[in-house]
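Structure record follows, encoded as structure tokens.
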């Protein structure tokens with residue numbers, strides 16, 4: 001039984017209705033490209049959620065899609081912990097509050113006031129919380145591609161988070177990545193193996209609003225820069 | 001002058017032809033979702049490239065799209081080094097060969113033969129090579145979200161690589177991520193600031209073939225596992 005995969009396969013064939021076409025390379029036309037780039041422009045780090053629950057099985061299906069992401073040596077080191085127990089959610093919230101207080105104290109006074117006004121987490125409202133880990137101890141992939149750069153395991157997990165983010169947005173959901181946490185404490189709070197590296201906490205739910213401008217830009221915290229500035233030639 | 005951004009904006013409006021609709025949240029229908037999931041299913045880590053050159057400006061435009069990716073605190077720490085000089089390409093190739101030899105020796109004898117047959121890099125044929133770095137020293141974002149997890153800067157860069165990967169595939173290009181390299185040597189080979197962290201080397205070009213199954217799975221190195229195995233509840 002592979003319910004996630006089956007659901008995904010069923011979904012991915014919608015619109016073609018043709019099983020024989022399954023292994024025919026798709027062509028992506030200009031209209032698809034325009035929509036794909038709209039998706040990238042409208043993907044936001046969501047902090048304000050409605051409290052509505054997701055349909056049963058929705059998050060598991062999205063995780064199944066995220067598992068199509070690239071991984072070093074086909075190691076698939078992503079581990080998704082659905083955080084449901086109130087006591088664990090409370091411990092994560094306390095972890096966030098302690099780290100957020102410290103971060104606030106590190107800011108210049110003139111920016112501290114702005115920082116304090118930013119709502120940095122959707123921990124209270126998002127119906128789904130997923131703690132994502134990288135299994136540094138996995139044997140899958142037999143070490144291919146990661147001998148000199150073991151951190152590529154973590155990078156593989158990040159691509160899965162990004163896939164989940166894009167798929168969620170495309171389906172009308174919002175995702176917020178919370179990183180103001182002490183990563184060393186997360187494995188203990190969630191009782192997972194000690195060789196799992198904490199990558200991030202994801203809040204998922206229906207967004208209160210949609211926007212094509214990052215919340216931090218709207219709030220005046222930072223603005224995006226022109227891409228030419230990040231390209232050099234050698 | 002923001003040529004990349006302008007090109008992107010122009011592209012992203014194709015299909016709507018309506019400037020007034022620019023800030024209207026897009027709706028993504030079932031047909032788009034099916035195509036998006038096709039894109040995820042057909043994105044491959046490409047190792048065999050045609051030698052054909054890319055159109056002028058194509059890679060810069062794709063990098064501009066990659067810059068729409070999320071970044072911690074809106075820090076945009078991604079740095080793209082287009083590697084063009086033959087002497088630097090040769091130095092990277094030597095770095096790869098030394099690391100690959102060492103990796104081969106680390107494998108079990110029965111897998112070493114298989115490993116040796118895998119063509120692990122597209123370094124010889126791909127017309128474009130991009131070394132991607134994370135600027136750990138950037139002041140942009142004022143440190144927001146990265147006090148306890150400075151590695152989120154690197155994770156931001158990984159999301160940009162993944163965006164570039166998906167956009168390239170959607171436009172008929174292939175991308176291969178090479179990680180069998182000594183990261184400490186890459187900053188020196190490419191003469192970039194020492195506080196830039198090497199994330200990966202990307203080969204980009206037209207793929208020799210398209211496939212919906214990972215090359216490592218086709219070669220019998222590793223297979224993908226069912227997504228249920230990576231989800232736990234707490």
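What follows is calculated from the coordinates using simple rules that are stated; it is not laboratory data. Because the structure is a prediction, the values reported are computed rather than measured. Here the Cβ positions follow ideal geometry from the backbone for every residue, glycine too, while neighbour counts run over all protein chains shown.
A few comments on the model shown:
- As a proxy for reagent exposure, ranking B:114, B:144, A:175 by other Cβ atoms within 10 Å from fewest up yields B:114, B:144, A:175.
- Number of partner chain Cβ atoms within 10 Å, mean per residue of B:59-71: 5
- Overall form of the stretch A:119-234 per C-alpha gyration tensor (a/c, 1.5; a/b vs b/c): oblate
- Remark: relative contact order (chain A) = 31 percent; criterion is Cα-Cα distance under 8 angstrom and separation of 6 or more residues.
- For the stretch A:26-65 and the stretch B:189-233, distance of Cα centres in Å: 22
- Rounded, prolate or oblate (a/c below 1.5 giving rounded, otherwise prolate when a/b exceeds b/c) for the protein assembly as shown by Cα gyration tensor: rounded
- In this simple spin-label approximation, residue A:228 and residue A:90 carry label points 7 Å from Cα along the Cα→Cβ vector, and these lie 5.6 nm apart.
- For residue A:90, the point set 7 Å out from Cα toward Cβ sits 6.7 nm from its twins in the other copies, listed from shortest up.
- Computed [θ] at 222 nm, deg cm²/dmol, chain A (DSSP H ≥ 4; -39,500 (n - 2.57); rounded to nearest 500): -12500 deg cm²/dmol
- Crossing angle, helix A:3-13 versus chain A [Cα axis fit, 0-90 degrees, rounded to tens]: 70
- Percent RCO, i.e. relative contact order, over the stretch A:31-140, from Cα pairs under 8 Å lying at least 6 residues apart: 48
- Between residue B:105 and residue A:171, the FRET efficiency from the beta-carbon distance, with R0 = 45 Å, is close to 0.45.
- Note: relative contact order over the stretch B:116-201, using C-alpha pairs below 8 Å and six or more positions apart, is 45 percent.
- Anisotropy class of chain A from Cα gyration tensor, a/c 1.5 cut: rounded
- Modelled label positions at residue A:31 and residue B:217, each set 7 Å beyond Cα in the direction of Cβ, lie 2.9 nm from each other.
- Cβ-Cβ FRET estimate between residue A:195 and residue B:48, R0 fixed at 41 Å, reported to 0.05: 0.75
- With its label point defined 7 Å out from Cα along the Cα-to-Cβ axis, residue B:52 lies at 4.5 nm from the matching points of the other copies, in increasing order.
- Label point of residue B:112 (7 Å along Cα→beta-carbon): distances to the other copies' equivalent points are 6.1 nm, sorted ascending.
- Segment residue B:184-residue B:125, extension gain: residue separation times 0.36 nm, minus the distance between their alpha carbons: 18.8 nm
- Using alpha-carbon coordinates, inclination of helix B:152-170 to the longest axis of chain B, degrees: 80
- Rounded to 5, the percent of DSSP beta bridges in the protein assembly as shown classed as antiparallel: 85
- For B:206, B:155, A:37, the sequence from fewest to most other C-beta atoms within 10 Å is B:206, A:37, B:155.
- Whole-angstrom gap from the stretch A:136-168 to the stretch B:109-165, using each part's C-alpha centre: 11
- Counting only DSSP beta bridges whose two residues both lie in chain B, roughly 95 percent are antiparallel.
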